[in-house]
Structure formats: C-alpha cells, structure tokens
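What follows is a set of notes on a single structure, which appears directly below.
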Amino acid sequence: MTMNDLLITSLGFYLFSFAFLGKRRVSMALFLSGSLLDLSAILYNWRLSGSPPLGNLPQVMMVLSACFLPLYLVIIMRKKMYRLAGYFTFAAALPVIVAVFMERNEGWRLSPALRSVWFIPHVISYMLSYAAATIAFLLSAAAFFNKRLQRLPEADECDKVSCHILRFAFPLMTFGLFSGALWADQIWAGYWSWDPKETWSLITWLLYVIYFRCKMTLPPRKYTGVAHVCAFLALLTTFLLVNLMPKLHSPLHSYR
C-alpha cells in the first residue's frame, strides 16, 4: 500500500467508527484499526526518510491523529465514559483529512543543526496536549448546545470531562513550552527569540492559565467559556496559521 492508501483507509475506519457508535465493540475495533493504519503510515514515512516524521505539517497531522486513541484509553476507558467516544473518533479523522489533501514531503530529513535530544519529547508532548485540547473544546461546544436545548445533565457531564481533559493537557503543553526553550538554547544559543511560533505558543499557554483561573474563582467564572474559545483559537493559530499564513510565518519553526 502507498502512503495515500494507508491514510485514506485509516480515514475510512475512523469515519465508520463514528458511524457505529451505537455498537461499542464494533466502533472500538474500527477506531483501533484506523489508529494502527495511521501508525503504519508514520512508521512507513520514518523508514523512508530515516528521521522521525515530525518535520512538515502533513507528517505532524498523522502523528496528531494517532494521539487520540491513547487519550481515549487513558481518559475515557479509565472513567468508563464510553458514550463520549464519538468525540475522539471524529477528532481523529480531521487531521487525516488534512494530511490526505496536503502535498507531502515523505523524504524529509531533520537538518543536523536541529538534531537534539529534545526534538521528539518536545513535539510529542505538544501533539498530545493539542489532541486533548481539541477534545476538550469539542466537549465544551457540546455542553454549550446542550444547555441551550435544556439538556442539563449532558451539558454538565461534557463540561466536567472537558475540564478534566484540559487538566491532563496543560502539563504536557507546559513541558512542550519549556523543552522548546531548552532545545532553542542548544541550537540557537538563546532560550527565547520572540519569533511568531514562540510568541503564539506563549499566548496559548497564558490563555489556558486564564481559563483555569476563571474556572476556579467564582466572580469571573462566567467568562470561562470565552477564555476557552480564545485559548483554542490561539492554539489553532500556533499550530496552523503561523505555518500557513505568510504574514505570520515563522522562519525558525517551519514545517515546510
């Protein structure tokens, strides 16, 4: 199978897993199959390039998609909240769709100047945190609409799980931020350069701090939803727009 075949088949399994949510074992088997194919595509790309496939946006999208199954196993199965599985299968399909339609440089190699012990931990911690933050945002959106439909128990459950997932994501995001600074000091002789990627990463981190502050304190609690939306939009800017928009392009942190 070619890389494209692996990705398209993986996408199909994810979508069928979402479609068969009513049959939990079938849905879980399809989710697992999609993740294994996604992992196969990552390993295939790794063998082809000789480097961890984390250097351009399509490669990172494949890794991001593969993060949702471990998150599901750690967060949902441990707490037996199986009816929330659809958020994970739906979210896992989105990065694969992007990877399928983007031009891929499958032979990408990490330049010698960027090789560091921090490379893989930095990227993987961010991918796990971004995947978890995506699920948390989808659950918060579901809580918002359930409140409008007067489905208060469902809204309360989604809201609580969303906050729980962000508590899991935030330490990973913090590690990604600090490991990136240590990596930068190794290769550029400075912990921080204020380029767009670093700046938006810090903005994202600070907005999630504000979210937790709003969540924990009664007077600003009504602004929790606004803080969450702003934090997730900043995350999307950090992860996608900084690399895709010329005006925000980061010359030091480029997936191209």
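Restricting attention to segment 188-225, which residues are in contact (Cβ under 8 Å) with a residue 12 or more places away in the chain, among the hydrophobic types (A, V, I, L, M, F, W, C) and closer than 20 Å to Asp156 by Cα?
Phe212, Cys214
Of all residues in segment 3-26, how many are open to solvent by 80 Å² or more (accessible area, probe 1.4 Å) and either part of a helix (DSSP H, G or I) or modelled with pLDDT of 90 or more (or both)?
6
Quick check on this structure: which one of Leu43, Leu48 is touching an Asp or Glu at 6+ places or on another chain (Cβ under 9 Å), part of a helix (DSSP H, G or I) and exposed (fewer than 15 other Cβ atoms within 10 Å of the Cβ)?
Leu48
Does at least one position in segment 186-196 carry a residue that is among the small types (Gly, Ala, Ser) and part of a helix (DSSP H, G or I)?
no
When segment 119-163 is examined, which residues are found to be open to solvent by less than 40 Å² (accessible area, probe 1.4 Å), closer than 30 Å to Leu182 by Cα and aliphatic (A, V, I, L, M)?
The answer is Val123, Met127, Ala131, Ala132, Ala133, Ile135, Ala136.
If the Cβ limit is 8 Å and pairs must be 6+ apart or interchain, which residue in segment 1-22 that is free of Cβ contacts under 8 Å to residues at least 40 places away in the same chain and among the aliphatic types (A, V, I, L, M) pairs with which residue that is part of a helix (DSSP H, G or I) and surrounded by 15 or more Cβ atoms within 10 Å (Cβ to Cβ)?
Between residues of segment 1-22 that are free of Cβ contacts under 8 Å to residues at least 40 places away in the same chain and among the aliphatic types (A, V, I, L, M) and residues that are part of a helix (DSSP H, G or I) and surrounded by 15 or more Cβ atoms within 10 Å (Cβ to Cβ), the close pairs are Met1/Thr9; Leu6/Leu37; Leu6/Asp38; Leu6/Ser40; Leu6/Ala41; Leu6/Tyr44.
Check Arg104 against each of (1) open to solvent by 50 Å² or more (accessible area, probe 1.4 Å); (2) modelled with pLDDT of 85 or more; (3) not small (Gly, Ala, Ser) and name the one condition it does not meet.
(2)
Checking the structure you have, find out if any residue of segment 14-25 is in contact with a Phe, Trp or Tyr (Cβ under 9 Å, 6 or more places away or on another chain) and within 14 Å of Pro95 (Cβ to Cβ).
Yes, segment 14-25 contains at least one residue that is in contact with a Phe, Trp or Tyr (Cβ under 9 Å, 6 or more places away or on another chain) and within 14 Å of Pro95 (Cβ to Cβ).
Quick check: anything in segment 134-156 closer than 30 Å to His122 by Cα and either part of a loop (DSSP other than H, G, I, E, B) or among the basic types (Lys, Arg) (or both)?
no
If you go through segment 56-65 one residue at a time, do you hit one that is closer than 27 Å to Lys160 by Cα, touching a helix residue (DSSP H, G or I) at 6+ places or on another chain (Cβ under 7 Å) and surrounded by fewer than 22 Cβ atoms within 10 Å (Cβ to Cβ)?
No, there is no match, as no residue in segment 56-65 is closer than 27 Å to Lys160 by Cα, touching a helix residue (DSSP H, G or I) at 6+ places or on another chain (Cβ under 7 Å) and surrounded by fewer than 22 Cβ atoms within 10 Å (Cβ to Cβ).
Filtering segment 164-190 down to residues that are over 29 Å from Val74 (Cα atoms) and in contact with a Phe, Trp or Tyr (Cβ under 9 Å, 6 or more places away or on another chain), which residue is least open to solvent (accessible area, probe 1.4 Å)?
Ala184
The values are calculated or read from the model by the stated rules, or taken from the named source; none is laboratory data. On a predicted model such as this, the values are computed, not experimentally measured, just so you know. Glycine also receives a Cβ, built like all others from the backbone with ideal geometry; neighbour counts cover every protein chain displayed. What goes into the accessible areas is simple: the full protein's heavy atoms, side chains included, and nothing from ligands, DNA or RNA. Shrake-Rupley method; radii C 1.70, N 1.55, O 1.52, S 1.80 Å.
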